[in-house]
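In what follows, a single structure is set out as structure tokens and then discussed.
The values are calculated or read from the model by the stated rules, or taken from the named source; none is laboratory data. These figures come from a predicted structure and were not determined experimentally. No Cβ is skipped: glycine too gets one built from the backbone with ideal geometry, and neighbour counts run over all protein chains shown. Areas reflect the complete protein model, heavy atoms only, side chains present, ligands, DNA and RNA absent. Shrake-Rupley method; radii C 1.70, N 1.55, O 1.52, S 1.80 Å.
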Amino acid sequence: MIRRLLTAFLIFGTCGMAMAQKSTPANLAQVKGGTFVPLYGSNGKAVSVQGFRMDKYPVTNAEYAAFVTKNPKWKKHAVKKLFADANYLRHWTSDSNVGKNADKLSNSPVVNVSWFAAKAYCECQGKRLPSINEWEYAALASETKANASKDAKFYQRSLDWYSQPNPKYLPPVQQSFRNYYGIYGMIGLVWEWTSDFNSNMLIGESRANSSLDRQLFCGAGATGASDVQNYVAFMRYAFRSSLKANYTVGNLGFRCVQDVKNQAIAKK
Amino acid sequence: MKMSTLSKVVQLTAIGIYSLGLLASCSSQATTADNKASTEEALAKELPVIQAELTDAPKVPAPITRKHAAKVVVKLEVSEVVKKMADGVDYTFWTFGGSVPGKFIRIRQNDEVEFHLMNHPDSKNPHNIDLHAVTGPGGGAASTFTAPGHETIFNFKALNPGLYVYHCATAPVGMHIANGMYGLILVEPEEGLPKVDKEYYIMQGDFYTKGAFGAPGLQPFDMEKALDENPSYVVFNGSVGSLTGDKALTAKVGETVRLFVGNGGPNLISSFHVIGEIFDNVYTEGGTKVHSNVQTTLVPAGGSAITEFKADVPGNYVLVDHSIFRAFNKGALGMIKVEGGENKRLYSGQIDDRIYQPEGSTVQEMPQSATPKAMVASNKNMRIELGKTLYAQNCQACHQAEGQGMKGAFPPLAKSDFLNSDLNRAIGVVAHGLEGQIKVNGEVYNSTMPKLKLTDEEIANVITYVVNNWGNKGGEVTLDQVKKAKATYKH
């Protein structure tokens, strides 16, 4: 990873061009395109998602440290307040790496990063942040099924995670659950940034005029147990809409995706 | 009423801005367009600033003695914590201030409140607050949507006096409330509340866990049970036993007691009752109207009541949700211990307890009823296990859960010299009953123990259970021993 960055840096000098390099798909998983009904933003209609490649793991502290080393403006103390709030990389004791908890955290997801930072990181990899729909689509998968939306047990896993406090040290990314696509930790590890996180703005008052409430009550009235699934996605949408692009949160990380088209170009 | 006031305020503010023009640069606190607006504005700037005293249940901040409005700064921190729900049962509570219910906030009518909501960086979820004492969109929820590691601030003026619930209103609202995100804010009327001797804060809530009541371990939230409104726990102040034993509320005979009672829900309505007391006054639903001489008062989910009574007679008074299975099977129990001198004219205590045996009353059995065979213990541990249930069914009502008995009425079994010195006699007492004076651990008891309709096997089990608990001498009582003791020990 570092070598790749280094190469990109040497050759092109800027991150934006890194896309053209040959990338190893070993740490990416293919998500086949399809349709699904998102909780918000489509008025209950199915939307189609183009196929894409997604990072198998959320970005780790070690990977982010490498990025920061190459791009000093994203160092803990150098970052502009406009792009990241005061808690940026709060869990790092050093300016450019994890510091004293490195043994525990190197391989854990990086958190306390802003949307701007996450976006810059992905661009440096020749990738981009996933959209909400892409992220939600990939997160529908259980270990064995691409779409586990009818599987109550699968959703209970999320519910359990959401109601537990953050662990002192986040576990390494490999220790999380691997889904149908071979992607790890979509559920049960960290919240994740999406490119359009604020496009489904729920207002803070989550009961009144948002369409949200109606959906919840309709669903709740209709089917009892299977409604649990709405609740789970509901929490992710609520979390996203509490954010601003310069916010950093102790349990919010990210991963990147790549368009299949770009992938094809890169392969040429 | 609030709605119409609100729209009026909005209209007037709009007119004010239009006609004066200059006001456009004023803060949004301008409430009316006439001259009063500017005077109020001026006054608002001069209000003394006070940091609110916040308390955890069952404590209540001191009554407000000042005779003027103030700017009150309230700082409330949201945190997600693992705490005890019942013995051996943990739950991840989402809290306003570290415990359930949230901190008690006490302000005065017409105070202006600067409200800070901090969401701890370790929180997993965004949170906000809807204070029912607020007149404004979402009761503040719209202004306080706070990501983990952030703080939001808004101002409001406490227009209406009363006891109000506050709670989190972040999606999914039901789950946030079900995890304990509620508390009470008291807006004292300008003239204050009448003086009382004791004030306490009690808040009921229902909880939905994967496991049934008492199932041990860290229990996750159960969405299905919540939708079915079928709670595993209904408790006062966030856990089973939060107001019993050492944590019972206290008062002295002659004191007046005021309970600030809230109900966070999310689902159930409480039929709040204190066994053995009559509320002299109830501020129904936490409002201004006072009802007198009330036995049980309804506390709606997301509502409150203020109840007052004078402690006249010493003893233990049990607080319940009188939807009574919740009290005895789901945890909605609390206690007030009233200490002081007795007044036999108000309450005599038991004067006499006589054996009542109507003629010809034998236990009737239905013709073909086959009693299921009782389990037979094959070893000591099994005896203890089976004995435990028998104890709960037959003995506990008098001798109490920990064998401690009740001084003056029911002798203790825990560390009892009477029991431990002669187990055969104990077998006899269980088998044949006992009447008359005995001395246990230095105390004289003169009452009646009825003959219990237990089999020899059951007697062996229950006594084995008793002697192996509460500091008693241990050992096993066998079937043979019971048979012999029954025959030899008759009184």
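Couple of notes before you dig in:
- Put a dot 7 Å past the Cα of B:Leu159, heading toward its Cβ, do the same for B:Lys84, and the two dots end up 4.4 nm apart.
- Ranking of B:Cys168, B:Cys398 by solvent-accessible surface, largest first: B:Cys398, B:Cys168 (1.4 Å probe, protein heavy atoms only, all chains present).
- Amide H contacts under 5 Å for B:Ser447, placed H, 5+ residues apart: B:Gly436, B:Ile438
- Bridging of B:Lys252 to aspartates and glutamates at a Cα separation below 17 Å is possible for B:Asp197, B:Glu199, B:Glu277, B:Asp280, B:Glu308, B:Asp312, B:Glu339, B:Glu342, once same-chain residues fewer than 8 apart are set aside.
- Between segment B:219-289 and segment B:155-193, the alpha-carbon center distance in angstrom: 16 Å
- Each residue of segment B:300-311 is assigned a 3J(HN,Hα), and the resulting list reads x, 4, x, x, 8, 8, 10, 10, 9, 8, 9, 7 Hz, derived from the Karplus form 6.51 cos²θ - 1.76 cosθ + 1.60 (θ = phi - 60°), x at Gly and Pro.
- Built amide H within the under 5 Å cut-off of B:Asn263, gap 5+: B:Gln204, B:Gly302, B:Gly303
- Here's the picture: charge each Lys and Arg Cβ at +1 and each Asp and Glu Cβ at -1 in segment B:121-223, and of B:Gln204, B:His127, B:Pro137 the one pushed furthest to the positive end of that dipole is B:His127.
- B:Leu333 exposes around 50 Å² of accessible area when a 1.4 Å probe is run over every protein chain in place.
- Computed over chain B: relative contact order in percent, which uses C-alpha pairs under 8 Å that are six or more apart: 9 percent
- With N the number of residues in chain B, Rg(Cα) / (2.2 N^0.38 Å) evaluates to 1.25.
- In Å², nearest 10: area of B:Met203 left accessible to a 1.4 Å probe: 0 Å²
- For segment B:382-487, the Stokes-Einstein estimate of translational diffusion at 20 °C and a viscosity of 1.002 mPa s comes to 159 µm²/s, using the Kirkwood hydrodynamic radius over alpha-carbon pairs.
- Largest to smallest accessible area among B:Leu131, B:Leu423 [probe 1.4 Å]: B:Leu423, B:Leu131
- The Cβ shell under 14 Å around B:Thr389 holds other residues with a net charge of -1, Lys and Arg each +1, Asp and Glu each -1.
- Lysines with Cα under 17 Å of A:Lys73, excluding same-chain neighbours fewer than 8 positions away: A:Lys81, A:Lys119
- Sum of side-chain charges, A:Val173 neighbourhood, beta-carbon under 15 Å (Lys, Arg +1; Asp, Glu -1): +1
- Percent RCO, i.e. relative contact order, over segment B:99-186, from Cα pairs under 8 Å lying at least 6 residues apart: 39 percent
- Per-residue ³J(HN,Hα) for segment A:151-156, Karplus 6.51 cos²θ - 1.76 cosθ + 1.60, θ = phi - 60°, Hz, x for Gly and Pro: 9, 4, 5, 4, 6, 4
- When each of B:Lys451/B:Lys484; A:Lys75/A:Lys100; A:Lys244/B:Lys157; A:Lys45/B:Lys210 is checked by Cα-Cα distance, pairs over 25 Å: A:Lys244/B:Lys157; A:Lys45/B:Lys210
- Relative contact order %, segment B:179-293, counting alpha carbon pairs below 8 Å whose residues are six or more apart: 31 percent
- Within chain B: Cβ-based charge dipole about Cα centre, in debye rounded to nearest 20 (Lys, Arg +1; Asp, Glu -1): 780 debye
- The spread of Cα positions in segment B:203-325, taken along each principal axis and listed from longest to shortest, comes to 45, 32, 18 Å.
- For the set B:Tyr445, B:Tyr347, solvent exposure ranked by accessible area (probe 1.4 Å, protein chains only) runs largest to smallest as B:Tyr347, B:Tyr445.
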